[in-house]
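First the structure, in the form of structure tokens, and then the observations on it.
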Amino acid sequence: MDVTVRLAFLVILVVALSLATTVFAQSSGGSDQSSPQPEDQAPTGPILQPSDYSPVICDPNAAGFRYLEVRGSGFDAWSTQHLVGNLFDASGAAREHWSSVWVSPQGQLTLEVNLCADPIQKHPALDVGDYTVAVGQGNGATIATAGISLAPPTEPGTEPEQTAPMPAGTPISQSSTLLTPTPFTYVIPQIQAQPTFTPIPIPGVPTATPAAGPRTGAGSLQQPLPLGAPGNLVDGWQLVIQGVTPDAYTGIKAEIPLANAPASDQRDYVVRAQATYLGQGTGVFGSVRVALYSTATSLTYDQVSNSCGPIPDPLTPNVVTQGQAERGNICFVVRAGDIGSLVAFDNQPNASDRVYFALQ
């Protein structure tokens, strides 16, 4: 009887183990088959995104500059650093250069490509054709690029070509289409040719009129407007330099802990400006409109090559209507020896359109 019980027990044990093995095998196999394979991840890393991949060339008959904004993201490995940027034409020749491109703590950066002639940077207006925007390190290693194609003006009476929507998932760096219906391209300034424009008179301040050569009289390089006095610019803006801080790094550092200190022989020079729009329609005034000039060394400082990076309360370009004002800080990295000889001016391509402001 004991032998029979033992045999029965062994049979039951073998059957149970067999069933358990089968269930485990099926469970393992099913898990492998049902678990989705990891999908290919979208490529990550530094990318550059122009606000318009096919901007129209600059109107040679219009005064002022026109800028195309190129935003970068994914530059986390270079956060709080300064990179360099270049604009190359189809032949590989460099057309514009940025010697100090600030990367924010979030790995973002911004370039402003001037489509018009720039006598300060000494480059003519960009022609119709293909261009490459490149950002890299000081040693020449390229980190990211983006392509733009400058288009001719639309012929009167023709409808603009409709652009097919970009397929979902297309990397920004591979797209040649406009990303949004309304691109974030601002014009500084948006001006029509005004050969007979007369600046709005300011009581107590002489108004200089445009001339064929450099401006003379009040508002000229030889006779800049006093600090705090309003000056009428060529496109309907009235600019006032409210004050300056010749050595502003300590204050900037207190507000922005990640701010980089200038070199020992340089200073963060902050200009406090207010711009009021008195023209017709709407206008845009950004920090790139203001530049500095040293009467001692003939050096020019602008926001393309000499920006301090992030600063408290910056002057930002916003669209305003008649009577509205924009105010904020503009910071330049300047040579310490130039501080006593600096004047500010409206960064216009024509010498006769530049209005100069004393800073002392």
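No value in this document is a laboratory result; all are computed from the given coordinates. Fair warning: this is a prediction, and the values are worked out from it, not measured in the lab. Cβ placement follows ideal geometry from the backbone for every residue including glycine, while neighbour counts extend to all protein chains displayed.
5 Å is the cut-off here: which amide hydrogens, built 1.01 Å from N in the peptide plane, fall below it relative to ALA291, excluding neighbours closer than 5 in sequence?
Hits under the 5 Å cutoff: PHE345, ASN347.
Taking amide hydrogens as modeled 1.01 Å from N in the peptide plane, which residues meet the under 5 Å criterion relative to GLY286, leaving out close sequence neighbours?
The list, which skips near neighbours in sequence, is empty: none.
Hey, with R₀ at 22 Å, roughly what FRET efficiency would HIS123 and THR295 work out to, going by the Cβ-Cβ distance, to 0.05?
0.35
Can you run phi through the Karplus equation (6.51, -1.76, 1.60; θ = phi - 60°) for the stretch 78-93 and list ³J(HN,Hα) in whole Hz, with x for Gly and Pro?
Each residue of the stretch 78-93 in turn: 10, 4, 6, 9, 10, 9, 10, x, 9, 10, 10, 8, 5, 7, x, 7 Hz.
Which percent of Cα-Cα pairs in the stretch 309-354 sits in each 5 Å bin, short to long?
For the stretch 309-354, the pair-distance distribution reads 5, 14, 15, 19, 27, 14, 5, 2.
Given the C-alpha centroids of the stretch 221-239 and the stretch 67-130, what is the distance between them in whole angstrom?
Using only Cα atoms to place each centre, the spacing works out to 29 Å.
Could you give log10 I(q)/I(0) at q = 0.10, 0.14, 0.18, 0.19 Å⁻¹ for the stretch 231-358, computed by the Debye formula over C-alpha point scatterers of equal weight, without solvent?
Debye intensities relative to I(0), on a log10 scale: -0.31, -0.60, -0.95, -1.04.
Using the basic label-point model (7 angstrom from Cα toward the beta carbon), what is the GLN223 to SER264 distance in nanometres?
4.4 nm
Could you give each residue of the stretch 321-326 its phi-based ³J(HN,Hα) in whole Hz, using Karplus coefficients 6.51, -1.76, 1.60 with θ = phi - 60°, and x for Gly or Pro?
9, 4, x, 7, 10, 10
Could you size up the charge dipole of the stretch 231-358 around its Cα centre, putting +1 on the beta carbon of Lys and Arg and -1 on that of Asp and Glu, and report it in debye to the nearest 20?
60 debye
Ordered by residue, what ³J(HN,Hα) values in Hz, to whole numbers, does the stretch 107-115 give under the Karplus form 6.51 cos²θ - 1.76 cosθ + 1.60, where θ = phi - 60° and Gly and Pro are x?
So the Karplus estimates, Gly and Pro as x, are x, 10, 8, 9, 10, 10, 8, 7, 7 Hz.
For SER54, list long-range residues whose amide hydrogen, built 1.01 Å from N in the peptide plane, is under 5 Å from its own amide hydrogen.
Residues meeting the criterion, in which the H sits 1.01 Å from N, are SER149.
Please give the FRET efficiency for THR316 paired with THR80, using the beta carbon to beta carbon distance and R0 = 25 Å, rounded to the nearest 0.05.
In this case the efficiency is close to 0.75.
Where the centroid of each part is defined by its Cα atoms, how far is the stretch 278-343 from the stretch 344-360 in Å?
Distance between centres, Cα-based: 11 Å.
Count charges around VAL355 for me, please; just the other residues with Cβ under 10 Å from its Cβ, Lys/Arg as +1, Asp/Glu as -1.
Around VAL355, the surrounding residues sum to 0.
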